[in-house]
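Worksheet for the structure shown next.
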């Protein structure tokens with residue numbers, strides 16, 4: 001079986017706050033996030049595609065124009081009266097978002113029946129700060 005590594009870059013706008021952080025990021029604020037993802041595995045034998053780039057974009061962009069908060073954040077209930085909130089188990093840092101997105105993409109590969117997985121992902125919260133998860 002041939003092994004291929006693909007790359008996709010996706011951007012989205014979302015707000016978050018870090019409940020357990022004693023700095024500026026404790027306040028609700030937004031970012032123009034950038035996600036870079038590398039997926040490696042065997043392409044589908046019929047389509048010769050590892051995972052459709054459009055599907056990668058859809059999975060990452062579920063965060064677009066959303067509010068992302070720690071599920072224990074007291075702001076969740078107040079904001080949900082006006083706008084949906086994506087909640088995370090822990091503060092929604094770039095580190096945690098990298099893991100969540102990588103897990104979502106791995107699950108998509110499994111459901112598509114493709115033997116592939118995320119080998120590396122970077123989640124940028126500003127042009128000069130990112131978290132990289134390497135598997």
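Just so you know, all these numbers are worked out from the coordinates, no wet-lab data involved. Keep in mind the model is a prediction, meaning the values are calculated, not measured. Here Cβ is always computed from backbone atoms with ideal geometry, including for glycine, and neighbour counts include all displayed protein chains.
Taking 0.36 nm per residue of separation and subtracting the current Cα-Cα distance, fully stretching the chain between residue 3 and residue 112 would add 37.6 nm.
Put in order of Cβ neighbour count within 10 Å, fewest first, the listed residues 108, 11 become 11, 108. Taking the DSSP bridge list for segment 31-127 and keeping only pairs wholly inside it, about 65 percent are antiparallel. Compared with the dominant principal axis of the Cα atoms in the chain, helix 94-111 is inclined by about 40°. Quarter the surface of the alpha carbon convex hull of the chain and you get the mean projected area, 8.6 square nanometres. Any idea how far the Cα center of segment 19-35 sits from the one of segment 43-73, in Å? Each part reduced to its Cα centre gives a spacing of 22 Å.
Taking 7 Å steps out from each Cα toward its Cβ at residue 24 and residue 47 produces label points 4.2 nm apart. Cβ crowding within 10 Å, taken as a proxy for footprinting-reagent exposure, orders 12, 63 from fewest neighbours to most as 12, 63.
Here the label points at residue 95 and residue 36, each 7 Å from Cα along the C-beta direction, are separated by 2.0 nm in the simple model. Each stretch of four or more DSSP H residues adds -39500 (n - 2.57); spread over every residue of the chain, this sum gives -7000 deg cm²/dmol at 222 nm.
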